[in-house]
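S.K.: The structure follows.
Values in this text are rule-based calculations from the coordinates and carry no lab data. Since we're looking at a predicted model, the values are computed, not measured. When we count neighbours, we look across all protein chains shown, and the Cβ atoms used for this are built from the backbone with ideal geometry, even at glycine.
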Amino acid sequence: MILADKIIRLRKKNGWSQEELAEKMNVSRQAVSKWEAAQTTPDLEKILQLSNLFGVTTDYLLKDEIEYEEFTDSTDETPIRRISLAEANEYLEQRKDASVKIAIATFLCIICAIPLLLLIALSEMTSLPIADNTAIGIGVVAIFPIVAIAVIMFIRVGFKNSPYEFLEKEPFDTEYGVTGLARDRQKAYRSTYVKYNYIGACTCVLSPVPLIAGAFTENELLVMILLCVTMLIAGVGAMFFIVAGVRWASMQKLLREGEFSDKGKRKSKISETVGTVYWLAATAVYLCWSFLTDDWHITWVVWPVAGILFAGVELICNLVIDKQDEK
């Protein structure tokens, strides 16, 4: 008996329609129909969900030579986690609050060097009685409390999110109404999500404008101030991206869509590996160029160029993955 026949047999034995099984598995009815027509095969995560849902062993589902159901021993196997409507609502509210805190913490990390840059610029002005070493010392010390606040915020958000970490690491099921809640929230938030991404993109693109304007002046203090303005604008842009992204991701996790779908998880792992190799290579280029030429005032251009090119690398990576999936 092939897998498709077994799914049909177990579904009918439980008195479920294809729509009801699709709801319990959080997939479309067409997906269930394709499983039962042997057009597609459920992936490993879905096999585990089917095993827990029907109360049979995975061996029964996967091995053709087993004719009769082998039921699982409830004392030996851990049941699949189920998200209730109240838990889903609490999780979405928690991530909404977390999105703002993560955005603020990230903003603090981006701007933490501003006091140091300003003090270095001020120390070079002969009219001010502040030595270079003193300025650097005060500036470096000022970085620590700013970063400490950001780290504390990240840790607190992490602790609050720890009860929901299984959403990314383990297969889970949702009770009736959870999918509808997540879809309604997603639909209501979509326009805000798009707007925040537009604002974030425009802000980040425009952030270098003050720094470019500073290139036409020889006033070092003004240049440093404009660099700080660039960092502030980039930080604000990052905040819009993070607030939108964290909230949207929380809804996608419950719906198992996008990067949290089976295909999305695979794509995310590949992109993560490519990104790690890419930024290590960029760091190597920056250090080699800087040490060989000693032009540290020029070599910083590696980072904005690398950031722009990285978007293209990710796009190519995703296109390659999509083409492989189509085969």
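S.K.: Which distance in nm do the two modelled labels at ALA148 and TRP303 give, with both placed 7 Å along the Cα-to-Cβ direction?
M.R.: Between ALA148 and TRP303, the simple spin-label model gives 2.4 nm.
S.K.: Turning to a different aspect of this structure: Applying 1/(1 + (r/R0)^6) with R0 = 30 Å to the Cβ-Cβ distance of ARG9 and GLU168, what FRET efficiency is obtained, to the nearest 0.05?
M.R.: On the way: r = 33 Å, r/R0 = 1.09.
It comes out at approximately 0.35.
S.K.: Starting from the Cα-Cα distance between CYS288 and LYS96, subtract it from 0.36 nm times their residue separation and give me the gain in nm to one decimal.
M.R.: Numbers: separation 192, 0.36 × 192 = 69.12 nm, distance 4.26 nm.
Contour length minus the Cα-Cα distance gives 64.9 nm.
S.K.: So which chymotrypsin sites (Phe, Trp or Tyr not before Pro) in the range 107-183 are both in a DSSP loop and have at most 13 other Cβ atoms within 10 Å of their Cβ? Show your work: numbers first, answer last.
M.R.: Numbers: sites: PHE107, PHE154, PHE159, TYR164, PHE166, PHE172, TYR176; in loops: TYR176.
Filter output for the range 107-183: TYR176.
S.K.: Can you figure out the FRET efficiency of LEU232 with ASP184, using R₀ = 35 Å and their beta-carbon distance, to the nearest 0.05?
M.R.: 0.45
S.K.: Counting pairs of alpha carbon atoms under 8 Å apart in space and at least six apart in sequence, what relative contact order in percent does the chain give? Display every interim value, and only then the final one.
M.R.: Details: 313 pairs, mean separation 58.7, N = 327.
The value is 18 percent.
S.K.: I would also like to ask the following. Taking just the C-alpha trace of the chain, give me its Rg and Dmax in Å.
M.R.: Both quantities, over Cα of the chain: 26.4, 91 Å.
S.K.: What length, rounded to one decimal in nm, is gained on full extension from ALA86 through to SER191, with 0.36 nm per residue of separation minus their alpha-carbon distance? Mind dumping the intermediate values first?
M.R.: Details: separation 105, 0.36 × 105 = 37.80 nm, distance 2.52 nm.
Result for the pair: 35.3 nm of gain on full extension.
S.K.: State to the nearest 20 debye the size of the charge dipole of the range 3-62 about its Cα centre, where the only charges are +1 on K and R beta carbons and -1 on D and E beta carbons.
M.R.: Numbers: 9 positive and 8 negative charges, 38 e Å.
Dipole magnitude for the range 3-62 comes out near 180 debye.
S.K.: Report the local net charge at VAL32: Lys and Arg +1, Asp and Glu -1, summed over other residues whose C-beta lies under 9 Å from its C-beta. Could you put the intermediate results ahead of the total?
M.R.: Values: positive: ARG11, ARG29, LYS34; negative: GLU19, GLU36.
Around VAL32, the surrounding residues sum to +1.
S.K.: I've got another one for you. Please state the charge dipole magnitude for the range 85-257, taken about the Cα centre, from unit charges on C-beta atoms (+1 on K and R, -1 on D and E), reported in debye and rounded to the nearest 20. Numbers along the way, then the final one.
M.R.: On the way: 14 positive and 15 negative charges, 115 e Å.
Magnitude of the dipole: close to 560 debye.
S.K.: Take the alpha-carbon centre of the range 144-201, take the same for the range 19-50, and report the distance between them in whole Å.
M.R.: That distance is 27 Å.
S.K.: Which pairs in the list LYS13/LYS187; LYS12/LYS34; LYS13/LYS63; LYS13/LYS169; LYS24/LYS101; LYS24/LYS169 are over 27 Å apart, alpha-carbon to alpha-carbon?
M.R.: Numbers: LYS13/LYS187 36 Å; LYS12/LYS34 16 Å; LYS13/LYS63 20 Å; LYS13/LYS169 31 Å; LYS24/LYS101 34 Å; LYS24/LYS169 19 Å.
Over 27 Å apart, Cα to Cα: LYS13/LYS187; LYS13/LYS169; LYS24/LYS101.
S.K.: With unit charges on the beta carbons (Lys and Arg positive, Asp and Glu negative) and the dipole taken about the Cα centre of the range 85-257, which residue among MET239, PHE144, LEU221 sits farthest to the positive side?
M.R.: MET239
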